[in-house]
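The values are calculated or read from the model by the stated rules, or taken from the named source; none is laboratory data. What you see is a predicted model; the values in this text were computed from it and never measured. Cβ atoms come from the backbone with ideal geometry, glycine included; neighbour counts cover every protein chain shown.
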Amino acid sequence: MTNQICEALNITKPVVQGPLGWITDARLVAAVSNAGGLGCLGPNAGQTTVTKSPQKTAERMRREVKKVRQLTDKPFAVNLYRAEGADVLGNDVYFTPMLKMVLEENVPAVVYSGELHEDIVSQLKEHNVKIIFRELNPTIAGTKKAEKLGVDVIVATGFDEGGMLPSKVIGTFSIVPLIVDAVDHIPVMAAGGICDNRSAKAAFDLGAQGLFCGSAFIPVDESPVAQNIKEQIVNSTGEDLGLFRSEPSYWRSLPGKKPAELLKLDKELAPNAEINKAMGGTQGMRVGMLMGDTDNGYVSTGTGIGTIHEIKPVKDVIDELCDGLI
Ligand SMILES: Cc1cc2nc3c(=O)[nH]c(=O)nc-3n(C[C@H](O)[C@H](O)[C@H](O)COP(=O)(O)O)c2cc1C
């Protein structure tokens, strides 16, 4: 099986496991890559404790990269996030050491979010690092700029996704054709709400050539997520998710004591910053999903989880998603 995404990323199935803060590790990523897709180490991959040191954050990721290499010889990715408005290679304290590590370790691909700059793209390309560009708020202008700068793949993410949501409420069915029509020659992947073969086929009908999935890779055997949370997800649907404001815009969670508090704050019109503080920022995912404690953390997923009915091995998820696609 091959298509433009497979060729661009040197994989056999057109699926990328999107970065998932706190809930990826070498085992999950290698399982995705060994099954023919592209696994991606997300923020704090393989970690259970918090560090605020940018240097230590990059060194921890280096160790996880080395572990992936012990488990697979296939391509994989690391997530790079660069704050808007950072100087070129300058003042984004987390980005700079992470980029350095990616280049030193010859990481095959990056899922890049945030501001792109031609010097950074050039450096990555000089080291043969494939660039999968995912704008948090996908735009026609951002897509055209990224293509011109030379990224390899664009991800069009709809509001159906899990994690930190786009500030513009545009669903996957609308954003994918918009971005597909904006590119000239590079392939587009669809993200948001793709958890089964029907949604995968729909994404391809909209012009996507690849699937960029997060939620589908949470209730899997190889995921580090707590067992009670995997079970909660397979027993839930999109109807169970509560949407609340936070920073930078919106988040969703399955029910629990902490999520109820966050929904109440939202209803009472608390400021976004206050809700973000109450959710513990992205650390609330470590508590809720990795530790399985929904009294003190939250459970973020996309709206497509109603089509996930059992906890499965990664390979079965990828085979089902890709059945008959290319
Ligand atoms: C629990 C969770 C954590 C996420 N964390 C990140 C992250 O740290 N960085 C990022 O770029 N995307 C993150 N995402 C977004 C995913 O990479 C992906 O775009 C999204 O999950 C696709 O939508 P889906 O969940 O409906 O498949 C996260 C998603 C989830 C569900």
Is there any pair linking a residue in the stretch 1-27 that is assigned by TED's automatic domain parsing to the domain that holds Ala190 to one that is aromatic (Phe, Trp, Tyr), with Cβ under 6 Å and at least six apart or on different chains, and which?
-> Val16/Phe212; Gln17/Phe217; Gly18/Phe212
Just give me the residues in the stretch 167-197 being out of contact with any Gly (no Cβ under 8 Å at 6 or more places or on another chain) and among the polar types (S, T, N, Q), in sequence order.
-> Ser167
Complete set of residues in the stretch 231-261 that are in contact (Cβ under 8 Å) with a residue 24 or more places away in the chain, in a helix (DSSP H, G or I) and closer than 21 Å to Asp196 by Cα = Glu231, Gln232, Ile233, Val234, Gly238, Glu239
Residues of the stretch 245-265 satisfying the condition of being crowded, with 17+ Cβ neighbours inside 10 Å and under 17 Å from the mean Cα position of the chain (by Cα) | Tyr250, Trp251, Arg252, Ser253
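Listed residues Leu178, Leu124; which is over 19 Å from the mean Cα position of the chain (by Cα), modelled with pLDDT of 95 or more, within 30 Å of Gln283 (Cβ to Cβ) and more than 16 Å from the ligand (Cβ to nearest atom)?
None of the others qualify; the one that does is Leu124.
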Of Ser253, Ser215, Ser236, the only residue that is assigned by TED's automatic domain parsing to the domain that holds Gln47 and at pLDDT 95 or above is Ser215
Would you be able to say whether some residue in the stretch 57-68 is at pLDDT 95 or above, under 21 Å from Ile186 (Cα atoms), within 14 Å of the ligand (Cβ to nearest atom) and in the same structural domain as Cys213 (by TED's automatic domain parsing)?
-> no
